[in-house]
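Before any comments, here is the structure.
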Amino acid sequence: MFRLDGTKAVVLGVANHQSIAWGIARALHAQGAEVALTYLNEKAEPHVRALAKQIDAPIVMPLDVRDPNQSKALFDEIALQWGRLDTLVHSIAFAPHDDLHGRVVDSSAEGFGLAMDISVHSFLRMIRLAEPLMTQGGTCMTVSFLGSTRVIEHYNVMGPVKAALEASVRSAAAELGSQGISVHALSPGPMQTRAASGLPEFDALLQDAAARAPTHHLATIEDVGAYAAFLASREAFNVTGGIHLIDGGYNIVG
């Protein structure tokens, strides 16, 4: 029903073939978009470059969102090669180990601040860099989780962090809507990704989610990718500011 031929997208946060970001990048490419990828560091680079070859990514660059020089270099390269940008995907989150595994009330100011900076404010910084390139409108997406609105055991400090991310989505959507730029959060249920595996008792959470979801199926990176590709399309131009639940209905039975 929809295609993305001729559109340009950048996907931030691919780590390996299990990444939500990779599911999105692959879906965008399958629908006809040209997709740029980033990698966090030298350790991640060979994995991301191997995936980039599968989708013929013309731009593959390092990006640690804490480094403003790397962020500027990425968007300068997009401007040089493409002259515009249609889709920005931000799939980046982090919390220090002690803060992630401890009680929210025991979280350190430094750890809480770092989690907010990397997981939330970096999305706003990337939107700010993308905005001048979205001259014909565009779509900005990030990735959240149900722990933003309810207490999920062991999700700990990432709960308030994701709540802030979702509030930021709403504010950005309101501010950018007049320019034809939509802003979204994709909220899949528990998934078997490398990032999520760092959560304590995560295997039990996966089993519980599959058992309780109305479909009895966990979300996959393919599910998220398909939804993201639709939101990037012209057909979704009048949709913005939403938290899009992709979880087999898990959110309605919790």
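Here the Karplus curve 6.51 cos²θ - 1.76 cosθ + 1.60, taken at θ = phi - 60°, turns the phi angles of the stretch 102-108 into couplings of x, 5, 4, 5, 9, 5, 7 Hz, with x standing for Gly and Pro. Full extension of the chain between GLN179 and ALA163 yields a length gain of 3.2 nm, computed as 0.36 nm times the residue separation minus the alpha carbon distance.
Mind grabbing the base-10 log of I(q)/I(0) for the stretch 125-254 at q = 0.15, 0.16, 0.18 Å⁻¹? Debye formula, identical points on the C-alpha positions, no solvent, two decimal places. Evaluating at q = 0.15, 0.16, 0.18 Å⁻¹ gives log10 I(q)/I(0) of -0.74, -0.82, -0.99. Using θ = phi - 60° in the Karplus curve 6.51 cos²θ - 1.76 cosθ + 1.60, the 3J(HN,Hα) couplings for the stretch 124-141 round to 5, 5, 5, 4, 4, 6, 6, 3, x, 8, 8, 6, 10, x, x, 9, 10, 10 Hz; x is entered for Gly and Pro. In percent, rounded to a whole number, the relative contact order of the stretch 8-248 is 21, using alpha-carbon pairs under 8 Å and six or more apart. For LYS8, a cut-off of 17 angstrom between C-alpha atoms picks up these lysines, skipping any fewer than 8 places away in its own chain: LYS53. Here's how it looks for TYR39: its modeled amide H is under 5 Å from those of MET61, LEU63, which are all 5 or more places away or on a different chain. With N the number of residues in the stretch 1-72, Rg(Cα) / (2.2 N^0.38 Å) evaluates to 1.08. With all pairs of different C-alpha atoms in the average, the Kirkwood value for the hydrodynamic radius of the chain is 18.2 Å. Length, then width, then depth: along the principal axes, the Cα atoms of the stretch 62-206 run 45, 28, 27 Å.
Using Cα centres only, tell me the gap between the stretch 209-252 and the stretch 54-69 in whole Å. Comparing the Cα centres of the stretch 209-252 and the stretch 54-69, I get a distance of 26 Å.
Where a number appears in this text, it was derived from the coordinates with a stated rule and is not lab data. Keep in mind that this is a model prediction, so the values were computed, not measured.
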